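Visitor: My structure is below; once you've seen it, I'll send some questions.
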Amino acid sequence: MITRESQQMFNFALTMKRIRIALFISGNGSNARNIINYFENHAQISISLVLSSAENGLMDGFCRERAILFAHPTGIEGDTYLKFCQEEEIDWVILAGYLKKIPIDFINAFPDRIINIHPALLPNFGGKGMYGKHVHEAVAKSSVRFSGITIHLVNEEFDKGKMLAQFAVLLTNPSSAQEIEGQVRSLEIAHFPSVIDSVLLDSIL
């Protein structure tokens, strides 16, 4: 029989367990560095692993200084990424500028525990091929007055997972793709880590 006291102790133990995050990157890792800095002294969440789809000496050095495992696996299509995450006992995966499609086997291993950020207000300007500058160029050529970021869960379709948060910015008229990129980038830096924080802490309540 579970007593009230034992249930309270169990709940307390859950809250004390640190959530272990893996960051996946493809570019220079600026979003990842921002996330790592945000969680550096967090009581319940730690960045434990960074996997990059490209060689990245600067990110490797940044992670070494913070005792975070960094690796450059050959590709996510096999089970290498999954093995890294399993060996490091990863709880959540964050795509911080990761451009490869996540295989269904990997998604099944982390159901509703993979978070991505898209540099536009989904469902517009999403889907295959819509990443980075391609998104901002499409927004600049359109007549929309707002752009922004969408933070969402990952499923088997590009940019179709459950939305967790959106943040918008009013565009000047006209706006170049470079200007839009700068405005959207500011939203990413300001909001992505705190949304991750909120979602992950909610998951253990």
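Visitor: Are any residues in segment 60-101 aliphatic (A, V, I, L, M), more than 16 Å from the chain's Cα centre (by Cα) and within 15 Å of Gly27 (Cα to Cα), and if so, which ones?
Guide: Within segment 60-101, Ala71 is the sole residue that qualifies.
Visitor: For residues in segment 145-159 being of a type in the set (A, V, I, L, M, F, W, C) and modelled with pLDDT of 95 or more, which is farthest from Ser194 (Cα to Cα)?
Guide: Going through the qualifying residues, I end up with Phe146.
Visitor: Answer with yes or no whether Ile149 is touching an Asp or Glu at 6+ places or on another chain (Cβ under 6 Å) and under 30 Å from Ile45 (Cα atoms).
Guide: Taking the combined requirement at face value, the residue satisfies it.
Visitor: Here's something else I'd like to know. Inside segment 145-158, can you point out the residues that are closer than 26 Å to Leu170 by Cβ and either surrounded by 17 or more Cβ atoms within 10 Å (Cβ to Cβ) or touching a residue at least 60 places away in the same chain (Cβ under 8 Å) (or both)?
Guide: Of everything in segment 145-158, those that are closer than 26 Å to Leu170 by Cβ and either surrounded by 17 or more Cβ atoms within 10 Å (Cβ to Cβ) or touching a residue at least 60 places away in the same chain (Cβ under 8 Å) (or both) turn out to be Ser147, Gly148, Ile149, Thr150, Ile151, His152.
Visitor: Among Ile90, Ile68, which is free of Cβ contacts under 8 Å to residues at least 40 places away in the same chain and within 21 Å of Leu201 (Cβ to Cβ)?
Guide: One residue alone meets the criteria, Ile68.
Visitor: Another question, then. Of Leu201, Leu153, which residue is out of contact with any strand residue (DSSP E or B) (no Cβ under 7 Å at 6 or more places or on another chain) and under 30 Å from Ser48 (Cα atoms)?
Guide: Residue meeting the stated conditions: Leu201.
Visitor: How do the pairs read when you match residues in segment 181-197 that are on the phi < 0 side of the Ramachandran plot with residues anywhere that are of a type in the set (Asp, Glu) and modelled with pLDDT of 95 or more, using Cβ under 7 Å and keeping only pairs 6 or more apart or on different chains?
Guide: none
Visitor: Within segment 106-136, take every residue that is free of Cβ contacts under 8 Å to residues at least 24 places away in the same chain and touching a Pro at 6+ places or on another chain (Cβ under 9 Å) and give me the one that is surrounded by the most Cβ atoms within 10 Å (Cβ to Cβ).
Guide: Of everything passing the filter in segment 106-136, Val135 is surrounded by the most Cβ atoms within 10 Å (Cβ to Cβ).
Visitor: Given the structure, is Ala168 more than 16 Å from Ile115 (Cβ to Cβ), of a type in the set (A, V, I, L, M, F, W, C) and touching a residue at least 40 places away in the same chain (Cβ under 8 Å)?
Guide: yes
The values are calculated or read from the model by the stated rules, or taken from the named source; none is laboratory data. These numbers were taken from a predicted model, which means no experiment stands behind them. FYI the Cβ positions are ideal-geometry reconstructions off the backbone, even for glycines, and counts take in every protein chain you see.
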